[in-house]
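Data first, discussion second: the structure below is written as structure tokens.
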Amino acid sequence: MKIAHLTSVHPRRDTRIFWKQCKSLAAHGHDVSLVVADGLGPEVHGDIRIHDVGASSGRVSRVLGSARQVIRRASELDCDVYHLHDPELLPFSLGLRRRGKVVYDAHEDLPDQILDKPYINSSLRKPLAATTRVTLELLCRRMNGVIAATPHIAGKLKNAGIEAVDVNNFPIIEEFRGPDGDAAQKAAISYVGSISRTRGAIEIVRAFELTGSAAVLNIAGHFPDDIRSEAAGLPGWERVNLLGFLDRCEIESLLARSLAGLVTLHPTPSYQRSLPVKMFEYMAAGIPVIASNFPLWREIMDANDCGICVDPLSPDQIAGAIDRLAGAPDEARRLGANGRKAVEELYNWKREEKKLLGLYETLNGCA
């Protein structure tokens, strides 16, 4: 089949879109294109052709301008399937059904996210979330297929009468070789991905004021200026290494040199039901996870004996988990090995790839 993946928001090397879905489909003989709006120009990467409509200048421009341009460029490709990765593409996508099948990929629970947005007036969040949910459900019913990034999102869609398949954003196990032999002695704790206040930026820096170990904190990802300025005023900041954006190989190398990985997100509605890819990448790298004590995450940690759950709002508890692992390297290695085994057996992209390919086989069989 000739397939176009569309995004007006994500970077062209987005892990879920490019490295997992596009690469998997191309490897199984499909003709795959990716339409983006990042301003980096056209590109051919292996079997995948990348088409760029140019970067947008802000949120409004992205929604009203880039989304429309991405749809227009994709329609010119004359594909069998158009795979949409952003909710802003949905209102402009219905014309694509005259050309081929259309699939929507729900990366996030957008209505729940709206409830967490600080830039939306608090009195408007609930009605806006409710309106968004109704609109999304209406548009999803007009799709030929719907994919969800977690079972929770898929379950909510199914409860609304929309058939959806969960294709979880689990790691490509071959990308991670496991920890270096002396990682436990180095006592480096890593956080991978963009960080913000609700992702625990302040609490983890404060934890490094309190830890009795010699641990340092490596942050690999975007750190907004306003939060960084606040964090830089804390005593724990002197033990923070800001690494900026790292590519896939650099992330693998960083985690191989780490004692543990942090995913202490705040208890917002969307985070509590999420399955953050960083959690499973830490496990794939064979290092223990220090995670928020959400029921879903605790269930994963306990079932696989691969990490420590803490109150994400408590720097003391985060520091205590760091001290526990730094003071017991054998336990850290055991927890890390358990996590690696769980990813090899269950939480890996190879299993999720089968669901993706199954959906496309179904689309190919439809008249």
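The values are calculated or read from the model by the stated rules, or taken from the named source; none is laboratory data. Fair warning: this is a prediction, and the values are worked out from it, not measured in the lab. All Cβ positions, even for glycine, are placed from backbone atoms using ideal geometry, and neighbour counts span all protein chains on display. Remember, those area values only see protein heavy atoms, side chains included, never the ligands or the DNA or RNA. Shrake-Rupley method; radii C 1.70, N 1.55, O 1.52, S 1.80 Å.
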From the options Ser258, Ser253, residue that is over 17 Å from the mean Cα position of the chain (by Cα), within 20 Å of Leu335 (Cα to Cα) and in a loop (DSSP other than H, G, I, E, B): Ser258
Qualifying positions in the range 221-238 - touching a helix residue (DSSP H, G or I) at 6+ places or on another chain (Cβ under 6 Å) and open to solvent by less than 50 Å² (accessible area, probe 1.4 Å): Ile227, Ala231, Leu234, Gly236
The one condition in (1) outside any strand (DSSP E or B); (2) touching a Leu at 6+ places or on another chain (Cβ under 7 Å) that Ile290 fails to fulfil: (1)
Residues of the range 312-339 classified as buried (at least 21 other Cβ atoms within 10 Å of the Cβ) and in a helix (DSSP H, G or I), total: 11
The listed residue being out of contact with any strand residue (DSSP E or B) (no Cβ under 9 Å at 6 or more places or on another chain) and without any contact (Cβ under 8 Å) to a residue 24 or more places away in the chain, out of Glu209, Glu203, Glu238, Glu230: Glu238
Failed condition for Tyr191, given (1) out of contact with any Leu (no Cβ under 9 Å at 6 or more places or on another chain); (2) of a type in the set (Ser, Thr, Tyr); (3) closer than 30 Å to Ser24 by Cα: (1)
Search result, residues across the range 254-291 that are free of Cβ contacts under 8 Å to residues at least 60 places away in the same chain and small (Gly, Ala, Ser): Ala291
Within the range 119-220, helices (runs of 4 or more DSSP H) holding 2 or more residues that are surrounded by fewer than 21 Cβ atoms within 10 Å (Cβ to Cβ), touching a helix residue (DSSP H, G or I) at 6+ places or on another chain (Cβ under 7 Å) and not hydroxyl-bearing (Ser, Thr, Tyr): 122-140, 201-210
Any chance Glu299 is in a helix (DSSP H, G or I), within 21 Å of the chain's Cα centre (by Cα) and surrounded by fewer than 23 Cβ atoms within 10 Å (Cβ to Cβ): yes
Out of Cys366, Cys309, sole residue that is open to solvent by 10 Å² or more (accessible area, probe 1.4 Å) and at pLDDT below 95: Cys366
Failed criterion for Ser66 (all others in (1) out of contact with any Lys or Arg (no Cβ under 9 Å at 6 or more places or on another chain); (2) of a type in the set (Gly, Ala, Ser); (3) modelled with pLDDT under 95; (4) open to solvent by 10 Å² or more (accessible area, probe 1.4 Å) hold): (4)
Given (1) closer than 23 Å to Gln113 by Cβ; (2) surrounded by 19 or more Cβ atoms within 10 Å (Cβ to Cβ), number of the condition Ile251 does not satisfy: (1)
Subset tally (residues that are open to solvent by 30 Å² or more (accessible area, probe 1.4 Å) and on the phi < 0 side of the Ramachandran plot) for the range 75-87: 3
